[in-house]
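Student: Structure provided below as structure tokens; questions to follow.
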Amino acid sequence: MHGYGASARVRARPILVPLLAALIVLVFAPAPTAGAESIVRPVAADPSVIRADDGKYYMYATADDWGDGQGAHNMTVFTSFDLVDWRYVGDVFPTAPSWHRPGNLAWAPHISSSAGVYSLYYSLYDATNPCVGLATSASPTGPWTDLGRPVFCAKDVGVDGTIDPYLWHDGTSKTMFVGNFKGIHAIPLNAEGTAPSGAPVATVADNRFEGPEVVFRDGYYYLFVSAGHCCNGADTAYRVLAGRSTSLTGPYLDRKGDDLNKGGGALLLAGSQAWAGPGHNTVVTDDARTDWIVYHAVPRADLKLPSGAQRREGMIDKIVWANGWPEIGDGSPNSTRPALPDTTLPVRVSLTTDSPVRLPETGGRVTAKLMLTAPTNASYSGQVWVNVAVPGTSTGATIFGPETVNLTAGQTIEKSVVYEITPDSAAGIYGIFAFAGPSVDAPVEMGTVSAWKTGQVPAPNPGGMSSSFDRQ
């Protein structure tokens, strides 16, 4: 579901089959694609999600070399209208800040916003002195202005493992949670969020954990953490645990009353037959006030990216709060499907294929079903169009539309979209994006699919491969 735009000269032939059918549907929600339970492919490790001032969701993920011929993506940005269909929109650091050590790419971002400013904290790993950085922007997609120095490093605050930042801001004070198997620490920051405040550092969980996230609900702070090696292929035991406290800095206790700082932790999410190593989560709330856990996991049937890095796809599952504790289906990835987030949209756009599409060097046709569905309580009139993003190019190409559609309440229209990738087309990831909205300049919803054409791409950049392999 990712690509890089297309020039006016596209070496592939779009075909759109005319309107097939119109029918009334009773459930106003997109159906999950068979065999494609992840929401971001090929990789979205350590995701952090925010709903921006424009109403759209934005996801930020760890740097990786996708093996798509574009080299290292130094923290990626994706956007979505509905938390399910995501589109890659760029990298945070096309050029690394000058204070970063060469080849030291950014990990584990955490996004927050205040007074129209988006603050993106991130990790720079170092075996002896890991650091937390900060980039800010007036837009969720950048351009980003880096602080030009660390917010702090391990030696500045007297603790180890100072990566995987999570900022807690209660409107009056800021606290940074960090931790990478050296203890989870709560570090007070100054009002600007640019340096430690000098107040005591609290240790809130022991050295089994990393990737902290805090949620406040019904008088309790809930600390989500990840345990186990994130990147040990099919054998990874990465998993999510939690505890709760009446105080931000703990103690955090599990269901049995055991302290996370003394061996405790309530297991929420662990691997399954299909998915290994779910973890490093964020929590996001939909328009129905339902909470969803967004995380990464490794498909056991497809462990590696072409670059050699571990494939960690973006995932989502519903959280149910029962007796004061979060529960996630049967505790395995995708166990809450077909439930999907409830987002208030004027129309639903779904673009699906029967299975993920991988094409040989000779190319082939990608066939997708496009469905537009009006809400059950409102009609919809607007435009629909389809774009393709071609690897190695920088501008988008419209391969269908815009076409005017008029839907009665609850009505669905369906089209078949066929996109032909020719033998001489570039190797890499082709993103196909179906949009609906008042005009091509004002989309309100989208559906996405992707195809991967094999072939010769530039050699992977070792610095762009996920350095999480160096973790415990």
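Student: Through the Karplus equation 6.51 cos²θ - 1.76 cosθ + 1.60, θ set to phi - 60°, convert the phi angles of the stretch 208-215 into ³J(HN,Hα) values in whole Hz; use x for Gly and Pro.
Tutor: Result, ordered by residue: 7, 10, 8, x, x, 8, 10, 10 Hz.
Student: In nanometres, what is the gap between the two model label sites at Glu420 and Ala237, each 7 Å from Cα along Cα-to-Cβ?
Tutor: Computed distance between label sites Glu420 and Ala237 equals 5.3 nm.
Student: Suppose every Lys and Arg Cβ carries +1 and every Asp and Glu Cβ carries -1, with no other charges. What dipole size does the chain come out with about its Cα centre, to the nearest 20 debye?
Tutor: Details: 33 positive and 43 negative charges, 103 e Å.
Dipole of the chain, to the nearest 20 debye: 500 debye.
Student: Along the charge dipole of the stretch 48-328, Cβ charges K/R +1 and D/E -1, which of His185, Thr285, Ala135 sits furthest on the positive end?
Tutor: His185
Student: Can you list which of the chymotrypsin sites (Phe, Trp or Tyr not before Pro) found in the stretch 135-188 are DSSP loop residues with at most 11 other C-beta atoms within 10 Å? Write out the running numbers ahead of the final one.
Tutor: Values: sites: Trp144, Phe152, Tyr166, Trp168, Phe177, Phe181; in loops: Trp144, Phe181.
Nothing satisfies the criteria.
Student: What is the extension gain from Glu361 to Ala199, computed as 0.36 nm multiplied by their sequence separation minus the C-alpha to C-alpha distance, in nm to one decimal? Mind dumping the intermediate values first?
Tutor: On the way: separation 162, 0.36 × 162 = 58.32 nm, distance 5.87 nm.
Computed gain between Glu361 and Ala199 is 52.5 nm.
Student: Please compute the length gained on full extension between Asp218 and Ala138, using 0.36 nm multiplied by the number of residues separating them and subtracting their Cα-Cα distance. Can you show the working numbers first?
Tutor: Numbers: separation 80, 0.36 × 80 = 28.80 nm, distance 3.23 nm.
Once the chain is fully extended between Asp218 and Ala138, it gains 25.6 nm.
Student: Reported to two decimal places, what Rg/Rh ratio describes the stretch 48-328 when computed on Cα atoms with Rh from the Kirkwood expression?
Tutor: Values: Rg = 17.7 Å, Rh = 19.0 Å.
Radius of gyration over Kirkwood radius for the stretch 48-328 works out to 0.93.
Student: What list of ³J(HN,Hα) values in whole Hz, one per residue of the stretch 430-439 in order, does the Karplus curve 6.51 cos²θ - 1.76 cosθ + 1.60 (θ = phi - 60°) give from phi, with Gly and Pro shown as x?
Tutor: Per-residue couplings from phi come out as 9, x, 10, 10, 9, 10, 9, x, x, 7 Hz.
Student: Calculate, for the chain, the solvent-accessible area per residue in square angstrom, rolling a 1.4 angstrom probe over the heavy atoms of the protein chains. Provide the component values of the computation, followed by the final result.
Tutor: Working: 17960 Å² over 472 residues.
Averaged over the residues of the chain, the accessible area is 38 Å².
Student: What percent of all Cα-Cα pairs in the stretch 365-436 falls in each 5 Å bin, counting up from 0?
Tutor: 4, 14, 24, 21, 14, 11, 7, 4, 2, 0
Student: Would you work out what percent of the accessible area of the stretch 348-453, with all protein chains in place, is carbon or sulfur (probe 1.4 Å)? Walk me through the intermediate numbers first.
Tutor: Numbers: 1860 of 3850 Å².
Its accessible area is 48 percent carbon and sulfur atoms.
Student: Further question: Could you pull the Cα extents of the chain along its three principal axes, largest to smallest, in whole Å?
Tutor: So the three principal-axis extents are 65, 49, 44 Å.
Student: Where does the charge balance sit around Val157 when Lys and Arg score +1, Asp and Glu -1, over other residues with C-beta under 15 Å from its C-beta? Intermediate results must be reported in sequence, preceding the final value.
Tutor: Values: positive: Arg149, Lys155, Lys174, Lys182; negative: Asp126, Asp156, Asp160, Asp164.
Summing Lys and Arg as +1 and Asp and Glu as -1 gives 0.
Student: Provide the descending list of Cα extents for the stretch 75-200 along its principal axes, expressed in whole angstroms.
Tutor: 40, 36, 26
Student: Rounding to the nearest 20 debye, state how big the charge dipole of the stretch 48-328 is about its Cα centre with +1 on each Lys and Arg Cβ and -1 on each Asp and Glu Cβ.
Tutor: Values: 21 positive and 30 negative charges, 83 e Å.
Magnitude of the dipole: close to 400 debye.
Student: Using a cut-off of 21 Å between alpha-carbon atoms, which lysines can reach Lys318, once sequence neighbours fewer than 8 places away in the same chain are excluded?
Tutor: Excluding near neighbours in sequence, the set is Lys56.
Student: So, with a 1.4 angstrom probe, what is the percent of accessible area on the stretch 48-328 that is carbon and sulfur?
Tutor: On the way: 4630 of 9850 Å².
Heavy-atom surface of the stretch 48-328 belonging to carbon and sulfur, 1.4 Å probe: 47 percent.
Student: Please give the calculated 222 nm ellipticity per residue for the chain, where each DSSP H segment of at least 4 residues contributes -39500 (n - 2.57) and the sum is spread over every residue; nearest 500 deg cm²/dmol? Don't skip to the end; give the middle numbers.
Tutor: Numbers: 1 runs with 4 residues, N = 472.
Helices in the chain give a 222 nm mean residue ellipticity of 0 deg cm²/dmol.
Student: Here's a follow-up. 5 Å is the cut-off here: which amide hydrogens, built 1.01 Å from N in the peptide plane, fall below it relative to Phe152, excluding neighbours closer than 5 in sequence?
Tutor: Amide H neighbours of Phe152, under 5 Å, 5+ apart: Val132.
Student: Explain nothing, just compute: Karplus ³J(HN,Hα) = 6.51 cos²θ - 1.76 cosθ + 1.60, θ = phi - 60°, for every residue of the stretch 128-143 in order, whole Hz, x for Gly and Pro.
Tutor: Karplus-based 3J(HN,Hα) across the stretch 128-143 equals 10, 8, x, 10, 10, x, 8, 10, 10, 7, 7, 10, x, 9, x, x Hz.
The values are calculated or read from the model by the stated rules, or taken from the named source; none is laboratory data. What you see is a predicted model; the values in this text were computed from it and never measured. No Cβ is skipped: glycine too gets one built from the backbone with ideal geometry, and neighbour counts run over all protein chains shown. Surface areas here come from the heavy atoms of the whole protein model, side chains and all, with no ligands, DNA or RNA. Shrake-Rupley method; radii C 1.70, N 1.55, O 1.52, S 1.80 Å.
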